[in-house]
Amino acid sequence: MISVAEVVNEPDLAQAFTILRSTGTWLNGVWQSVTATVQGYGVIAEPSGRDLDMVPEGDVVKGMMIFWSSQIIYGTHATAGVGGSSDILVWRGENYRVLSVKQYVDYGYWRAMATRMKAD
Amino acid sequence: MGASITYPDGSVLTSSALTIAQINAIMQPLTCGMIGVANPMTTSQVRIEWPTVGAPFQEVTEDICYLRCVPKDDPYDKIRDVFNLPLNDTDLNEQWNYTRTWSIRWCFYGPNSTDLARALRSGLYQDYFVAALALSQLFPVSDFPQEVRAPELIDGQWFERVDLEVEMYEFVTENIGRQTILSVETLLEGNGGVLADFTVTAS
């Protein structure tokens, strides 16, 4: 099989981002997590523009990003109550919560679609 | 106890009304007790809904109860009893009492969800739990409806699911400290100047 890792790590295309990876468990019925910071590297693209929702309470900016990386990117996962919420990917000062992960591990990469977490 | 609020006129409202975090902290261990979970602090078997940053969902083989506490509209909650507390200083203290209504919903997932919901409903009738709730000024409305079984299709598997919803009254006490006039200075002036200057002070 062809490994695409070479492409997603190509310096002309790839750039650095940060992965905030949480692991946690339940305490008093509340999910308690700790976050570790992992350096990420890969190709980042914006599948759609920034959408502005003008709701009565104010302007809500929405946006999706796609991250290709040869490093593992986690969606929410758990076994027997221990696990983690999906990764938060930080790029250019903004946080993106992973909503969907395609595990093309056989081809050398993961593809994650993430949604913007905070408003302007 | 909820937060104190200072009004623009300087009056201060303090309320016994439970916050969401407080009622969750009361109901979670009691729910554990009613369904026979020994360690409410460390167990993941009774979970509070709407985790801020999300949380992993359970496996189909696990028995998990999800707890939701939401205020509910009720005609009973519109009535306020107001009276003045005996004065022990120069401030005037009013006490307002009313009944707040909560909808407490337990959503059970897992192979034993029907039996756990039945156990919880039985627990609600027990003096031990009623007394424990009363310590927090919570009083279940004892018209407990039957639990509703509604299995749910998640990720290609049918998860057993049972819902139970109960109303509870919360007896709320609110105190309002109103500021009063402590002294009044009176000045009498005639053509020739000040005739009298005296201050009346509250005893």
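No lab work stands behind these numbers, since they all come straight from the coordinates. Treat the numbers as computed from the prediction; the structure is a model and nothing was measured. Cβ sites come from the backbone with ideal geometry, for glycine too, and all protein chains shown count toward neighbours.
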Query raised in the report: Separation between the residue A:23 and residue B:12 pseudo-spin-labels, each 7 Å from Cα along Cα→Cβ, expressed in nm?
Result: 4.7 nm
**Report entry** the range A:68-118-the range B:148-175 distance, computed between alpha-carbon centres (Å)
**Finding:** 31 Å
Query raised in the report: Could you give P(r) for chain B, binned at 10 Å from zero, as whole percent values over all Cα-Cα pairs?
Result: 8, 26, 24, 15, 10, 6, 4, 3, 2, 0
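Can you tell me how much longer the chain between residue B:197 and residue B:95 gets when fully stretched, taken as 0.36 nm per residue apart minus their C-alpha distance, in nm with one decimal? Please report the intermediate quantities before stating the final value.
Working: separation 102, 0.36 × 102 = 36.72 nm, distance 3.77 nm.
Here the answer is 32.9 nm.
Above 13 Å lies some portion of the pair distances; for the range B:11-66, what is it as a whole percent of all C-alpha pairs? Before the final figure, lay out each step's value.
Working: 1025 of 1540 pairs.
Roughly 67 percent, once rounded to a whole number.
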Query raised in the report: Efficiency by 1/(1 + (r/R0)^6): what FRET value for residue B:53 and residue B:171, r their Cβ-Cβ distance, R0 = 35 Å, to the nearest 0.05?
Result: 0.55
Query raised in the report: Helix B:20-34 versus the longest principal axis of chain B: what angle, 0 to 90°, nearest 10, using Cα atoms?
Result: 40 degrees
Query - Cα pair distances exceeding 16 angstrom across the range B:1-107, given as percent - result: 70 percent
Query raised in the report: Which of B:20, B:32, B:84 sits closest to the plus end of the dipole of the protein assembly as shown, meaning its Cα is farthest towards the positive end, when Lys and Arg get +1 and Asp and Glu get -1 on the C-beta?
Result: B:32
Report summary line: Those trypsin sites (Lys or Arg not before Pro) from the range B:29-129 that are DSSP loop and have at most 14 other Cβ neighbours within 10 Å turn out to be B:72, B:80
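Rule-of-thumb check for the range B:43-105: C-alpha Rg over 2.2 N^0.38 Å?
Working: Rg = 20.6 Å, N = 63, 2.2 N^0.38 = 10.6 Å.
Normalised Rg, Cα atoms only: 1.94.
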Requested in this report: Report, as an integer, the average count of C-beta atoms from other chains found within 10 Å of each Cβ along B:40-52.
Outcome: 4
Report summary line: Taking only C-alpha positions in chain A, Rg and Dmax in angstrom work out to 15.8, 52
Requested in this report: Compute the distance in nm between two label points, each set 7 Å from the Cα along the Cα-to-Cβ direction, one at residue B:135 and one at residue A:50.
Outcome: 5.2 nm
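Send over the Kirkwood Rh of the protein assembly as shown, from the inverse of the averaged 1/r over different Cα pairs, rounded to one decimal Å.
Working: mean 1/r = 0.0404 Å⁻¹.
After inverting the pairwise mean of 1/r, the radius is 24.8 Å.
How long is the gain from residue B:20 to residue B:77 if the chain were fully straight, where each residue apart is worth 0.36 nm and the alpha carbon distance is subtracted? Before the final figure, lay out the partial values.
Values: separation 57, 0.36 × 57 = 20.52 nm, distance 1.76 nm.
Between residue B:20 and residue B:77, full extension yields 18.8 nm more.
Which percentage, to the nearest 5, of the DSSP beta bridges contained in the protein assembly as shown is antiparallel? Present the calculation step by step, with values, prior to reporting the outcome.
Values: 99 of 102 bridges.
Once the DSSP bridges in the protein assembly as shown are tallied, antiparallel ones form about 95 percent.
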